[in-house]
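These notes are about the structure you will find just below.
Just so you know, all these numbers are worked out from the coordinates, no wet-lab data involved. All values derive from a computational prediction rather than experimental measurement. So basically every Cβ, Gly included, is an ideal-geometry build from the backbone, and we count neighbours across all protein chains shown.
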Amino acid sequence: MANIVNTALSSILRHGMIPPGSVVMSALSGGPDSVALLITLMKLREKLGIRELKVCHYDHAFRPDSGRDADFSKTLAGKLGLDFVMERNSASKPESDLQQVARKLRYSFFDRLLDEGRADIIATGHTLDDSVETFLLWLLRGSGPQALGGVPPVRGKYVRPLIEARKSEILEWLREQSVDFVTDPTNAGDDYLRNKIRHQVIPAMESVSPSAVNTISRAMRLVGGQTKLIGEIAGNKMKSVVKTARADGVTLDAEMTAVEPEAIRFVIYREAVRLAGLDPAVVSLKNLEALDCLVSTGRKGAATDLPGGFGGRYDHAGLSIFRKKTASAPMTAPFACPLKLEWDDGTLAVTPVENGNDAMDCVSISAVPPGAVFRARKPGDYLHLPNLAGRKTLKTFLIDRKMPSGERGRTPLLAVEGEILWIPGLFIALAIAGNSGSGDSAKIEWRPQ
């Protein structure tokens, strides 16, 4: 029988999980893995130089009997003479994505404990089985290699001392030690994909090869190591390929991204997704391939949908990943001087021109025709260019000037009927062009956020 304490000690030392003098918080659900973790840390406390060992429990309150687990955890911590802190969820049980919601709630609690300085490190009871299940889970969901390394032994201030121990070995060790634990009844069913993998897929694989879990684990370590190296390379590339990074999205230099190897490109896309505010965990390999297709085809205006209300678009600016906005009626505002108003995600201002002001966007106030308004573009808009007979469509004009497609609908225009009189920094109709030395002139400014 494996000695769980020795297995955990080996993992802790190999991965540098717990520096001497650390205050360690052991996450305790009451289940066998978390109980084994706590008992193991108690036995290794002196050898590892743990300054203080504490216990925390999060009650998701998704089951009527969840209080039983909390009571068990509190009692066990008391028997061991350890400080105990818990929190109970007050929100209602979600109708979908139960496990994902539960994880977010649990880790939000853990993060607060760390932020409050109540611990230096939080230890969780993830096992080798959990890591292989995670690998298979992401594999079936079509995730990229970044998700295929399984559960990392260390992630920031979170450590997994039992990550190289089998669940069956832990159960046998607990029986030998006569240690009690509680069982979550939801783990017995196959309502969740992870449970199906645990109860059906892994046993089927072990029936073919008894060492399947260990074999997969070795492959995961190789993938994890290679992915880490690729991630470091891609991280350095990000410094040069990111053109803009704002709260509403990220734009990459598509040409510079396109010349990188596929493995590097996919890591760049995943990091760009994170910078844009989308959780990379919900982005599938199919999503990354769709972004890559935008770059490889180079078709201006091409777009793709991403999870969570996000999207990707390729245009003159590059490859943009952004949070899509709810469609709303175009804003309109009659021309006036002075004028200042918030417009979508920017500010539009019209102010009198002072003598000597050489503003580019300068118009004659008296020449602006009645009925002229600031508005968003509409189908059929056109303009008259100097030295060009007839009219030119606004769409063609903006494409020729390489205005990114994502900016065209958000940029205010001065128009009368379907004729465009002013486009920020790009065009002023001769009929309304102002003189910076005239008291009849106004300066129009558009400042996107």
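Against the chain, whose longest principal axis comes from its Cα atoms, helix 128-140 is set at around 30 degrees.
Remark: the ARG141-LYS324 segment gains 63.5 nm on full extension, using 0.36 nm per residue and subtracting the alpha carbon distance.
For segment 415-430 versus segment 366-392, the inter-centroid distance based on Cα atoms is 5 Å. The charge dipole of segment 332-448, taken about its Cα centre with unit charges on the Cβ atoms of Lys, Arg (+1), Asp and Glu (-1) only, comes to about 440 debye. Taking the Cβ-Cβ separation of THR186 and HIS15 as r and a Förster radius of 35 Å, what is the calculated FRET efficiency to the nearest 0.05? The pair THR186/HIS15 has a calculated efficiency of 0.70. Between ARG194 and ALA349, 0.36 nm times their residue separation minus their Cα-Cα distance comes to what? Once the chain is fully extended between ARG194 and ALA349, it gains 50.2 nm. In the chain, the longest principal axis of the Cα atoms and the axis of helix 98-115 are about 90 degrees apart. Using every Cα-Cα pair within segment 204-353, state what percent have a distance larger than 26 Å. Percent of Cα pairs beyond 26 Å in segment 204-353: 44.
For THR297 and ASN214, the FRET efficiency from 1/(1 + (r/R0)^6), where r spans their Cβ atoms and R0 equals 41 Å, is about 0.45. With loop membership from DSSP and a limit of 13 other Cβ atoms within 10 Å, the longest segment of the chain without GluC sites (Glu not before Pro) is 117-353.
Ordered from longest to shortest, the equivalent ellipsoid semi-axes for the chain are 60, 24, 19 Å, each the square root of 5 times a Cα gyration tensor eigenvalue.
Backbone phi angles across segment 378-395, fed through the Karplus curve with coefficients 6.51, -1.76 and 1.60 (θ = phi - 60°), yield HN-Hα couplings of 9, x, x, 4, 8, 8, 10, 8, x, 6, 10, 5, x, 10, 10, 5, 4, 4 Hz in residue order; Gly and Pro are listed as x. Taking a sphere under 13 Å around the Cβ of ILE12 and counting the other residues whose Cβ falls inside, with K and R at +1 and D and E at -1, yields a net charge of +4. Relative to the Cα centre, the charge distribution of segment 53-148, modelled as +1 at Lys and Arg Cβ and -1 at Asp and Glu Cβ, gives a dipole magnitude of about 140 debye.
Farthest towards the positive end of the charge dipole of segment 344-449, among the residues THR396, VAL363, ILE432, is the Cα of THR396, using unit charges on the Cβ of Lys, Arg, Asp and Glu. For segment 122-127, 3J(HN,Hα) computed residue by residue from phi via the Karplus equation (6.51, -1.76, 1.60; θ = phi - 60°) reads 10, 9, 10, x, 5, 10 Hz, glycine and proline entered as x.
I'd like the distance between the alpha-carbon centres of segment 270-310 and segment 93-141, rounded to an integer number of Å. Computed from Cα coordinates, the inter-centre distance equals 25 Å. Couplings 3J(HN,Hα) for segment 414-425, derived from phi with the Karplus relation 6.51 cos²θ - 1.76 cosθ + 1.60 (θ = phi - 60°), are 9, 9, 10, 6, x, 8, 8, 9, 8, 10, x, x Hz, where x marks Gly and Pro.
Maximal additional length on extending the LYS104-THR332 stretch stands at 77.9 nm, based on 0.36 nm per residue less the C-alpha distance. Over the residues of the chain, the helix contribution to mean residue ellipticity at 222 nm works out to -11500 deg cm²/dmol, using -39500 (n - 2.57) for each DSSP H run of at least 4.
Dipole size of the chain about its Cα centre, with +1 on Lys/Arg Cβ and -1 on Asp/Glu Cβ: approximately 380 debye, rounded to the nearest 20. Round to the nearest 10 and give me the degree value, 0 to 90, for the angle of helix 167-177's Cα axis relative to the longest principal axis of the chain. Around 40 degrees separate the two axes. Among ARG118, ARG265, the order by Cβ neighbours within 10 angstrom, fewest to most, reads ARG118, ARG265.
Each of SER66 and GLU116 was given a label point 7 Å from its Cα along the Cα-to-Cβ line. The distance between the two points is 1.8 nm. Taken as Cα centroids, segment 50-89 and segment 212-267 sit 39 Å apart, rounded to the nearest whole angstrom.
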